[in-house]
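Student: Okay, here's the structure, questions in a sec.
The values are calculated or read from the model by the stated rules, or taken from the named source; none is laboratory data. Since the structure is predicted, the reported quantities are computational estimates derived from the model, not experimental observations. Here the Cβ is made from the backbone with ideal geometry for all residues, glycine too, and neighbour counts use every protein chain on show. The protein model used for the area step is the full one, side chains on, heavy atoms only, and it has no ligands, DNA or RNA in it. Shrake-Rupley method; radii C 1.70, N 1.55, O 1.52, S 1.80 Å.
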Amino acid sequence: MASVPFYSLEVMHSQIKSEVDAALRSVFANNQFILGSEVEAFEREFAEYSGVGYCVGVANGLDALYVSLKLLGIGNGDEVIVPAHTYIATWLAIARVGATIVPVDVDPITMLVGAKEIEAAITKRTKAILPVHLYGNACDMSEIMQLANKYNLEVVEDNAQAQGATHTSKNTGSFGRCNATSFYPSKNLGSLGDAGAITTDDEQLYNAAKIYCNYGSSSRFENPVQGINSRLDEIQAAVLRIKLRHLEGWNAKRRKIADQYHKNLLGCDAVTLPKFGEGCAPHLYVIRASQRDQLRNYLSSKEVETSIHYPKPPHLQTAFSRLGMKQGQFPISESIAETELSLPLWPGITEDQIDKVCDAVKQFYG
């Protein structure tokens, strides 16, 4: 293993080991592994944390996005505006409901989608906006919601990378009528496997999601709709309940780590540093660097592990070649893909490790 791994759960998990052990023993003893008391409790607690009335646990973040769009009635003939710079899951969810993907470029500084770019892409067929909060920063949801109200559009937030972040003191995942998040293990709030959730203030959508994600079943052996099997299990819910109690403290540590990176790398002209806004919950520390690939190789030689989020935008992936989009169509997103580099960030990384990373970056550029 690298002396500075890109990500490690060791410190966080050591802090909660006794709690998790007790919770897993309890689930095992209860012999209720699907749709039990742990899931019900986590859904209540995460809804309260998110500032919404309801939460539905699902199997993963992609399902959360798909079901949110599906239950809002978005499908064939509808257009959904989405950032060109995002993980492919956001696009996959739109394709899965049969809607038309309408990408827009992002801001070169924040790397987030903005209202100006969104409004320019709105047509008579536009049905929804799917803003993606990235790296722990929230999109400007005030402006996006104003647009949505102006044009009578639905909003589904992709909140997988901003759990605990806020915009105007309001939690991400609480602006749209139906919103999605992932609890993939490396997220700020991570499970021990795949898991996700839908958040909403709409009781009708909540009830519909509960039925749709459980085979379309309203009660045992009664299926009023054709649903899917996408359920958060008791083990993941039990672990997430424990981690949720620690999330604010871990996010505070993430902010402190991001601050140290910023102070250490300030003045390194070959690197553009991320700008974390008020209410951030840093998930990734993403720099933009000249000679990115050479820098990454150099850091690897110094036992510093890094990652790239993301090396190829969705519009250039073979999976979406049918859309006929070309190189150069979204220049900012393509430039980000060519220059971004994610440095190690997790609660428990030491000051010495951060110094080692920053010293190696500065050494590379001489």
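Student: Are there any pairs with C-beta distances below 6 angstrom linking a residue in the stretch 269-282 that is on the phi > 0 side of the Ramachandran plot to a residue that is at pLDDT 95 or above and of a type in the set (Val, Ile, Thr), with the two at least 6 apart or on different chains, and if so which?
Tutor: If the second residue must be at pLDDT 95 or above and of a type in the set (Val, Ile, Thr), the pairs left are Gly279/Thr166.
Student: While we're on this one: Tally the residues that are closer than 14 Å to Leu71 by Cβ and either open to solvent by 20 Å² or more (accessible area, probe 1.4 Å) or without any contact (Cβ under 8 Å) to a residue 60 or more places away in the chain (or both), restricting the search to the stretch 188-202.
Tutor: Residues flagged as closer than 14 Å to Leu71 by Cβ and either open to solvent by 20 Å² or more (accessible area, probe 1.4 Å) or without any contact (Cβ under 8 Å) to a residue 60 or more places away in the chain (or both) within the stretch 188-202 amount to 2.
Student: Only one of these conditions is not met by Arg255: (1) open to solvent by less than 50 Å² (accessible area, probe 1.4 Å); (2) without any contact (Cβ under 8 Å) to a residue 60 or more places away in the chain. Which number is it?
Tutor: All conditions are met except number (1).
Student: While we're on this one: Starting from the stretch 283-296, keep only residues that are over 20 Å from Leu345 (Cβ atoms), then list their pairs with residues that are aliphatic (A, V, I, L, M) whose Cβ atoms are within a distance under 6 Å, requiring at least 6 positions of separation or different chains.
Tutor: Listed pairs, sorted by first residue: Ser290/Ala270.
Student: Which of the residues belonging to the stretch 203-230 are open to solvent by less than 70 Å² (accessible area, probe 1.4 Å), part of a helix (DSSP H, G or I) and in contact (Cβ under 8 Å) with a residue 60 or more places away in the chain?
Tutor: Leu205, Tyr206, Ala208, Ala209, Lys210, Tyr212 - these are the residues of the stretch 203-230 that are open to solvent by less than 70 Å² (accessible area, probe 1.4 Å), part of a helix (DSSP H, G or I) and in contact (Cβ under 8 Å) with a residue 60 or more places away in the chain.
Student: What about Arg245, is it assigned to a helix (DSSP H, G or I), touching an Asp or Glu at 6+ places or on another chain (Cβ under 9 Å) and surrounded by fewer than 18 Cβ atoms within 10 Å (Cβ to Cβ)?
Tutor: Here the answer is yes, as Arg245 does meet what is asked.
Student: Now a separate question. Would you check which residues across the stretch 172-220 are among the basic types (Lys, Arg) and more than 30 Å from Val11 (Cβ to Cβ) and list them?
Tutor: Arg177, Lys210, Arg220
Student: Being in contact with a Leu (Cβ under 8 Å, 6 or more places away or on another chain) and open to solvent by less than 20 Å² (accessible area, probe 1.4 Å) is the requirement here; does Pro282 meet it?
Tutor: Here the answer is yes, as Pro282 does meet what is asked.
Student: Another question, if that's okay. Do you know which residues across the stretch 175-187 are open to solvent by 10 Å² or more (accessible area, probe 1.4 Å), over 12 Å from the mean Cα position of the chain (by Cα) and not aromatic (Phe, Trp, Tyr)?
Tutor: Within the stretch 175-187, just Arg177 meets the criteria.
Student: Here is a further query. What number of residues in the stretch 108-165 are within 12 Å of the chain's Cα centre (by Cα) and assigned to a strand (DSSP E or B)?
Tutor: Number of matching residues: 4.
Every residue, every condition in (1) touching a Phe, Trp or Tyr at 6+ places or on another chain (Cβ under 8 Å); (2) closer than 22 Å to Ser186 by Cβ, yes or no:
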position	(1), (2)
Val304	no, yes
Pro313	yes, yes
Pro331	no, no
Glu334	no, no
Leu341	no, yes
Lys356	no, yes
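Student: Further question on the same structure: What's the number of the only condition in (1) closer than 16 Å to Val357 by Cα; (2) open to solvent by 20 Å² or more (accessible area, probe 1.4 Å) that Val304 fails to meet?
Tutor: (2)
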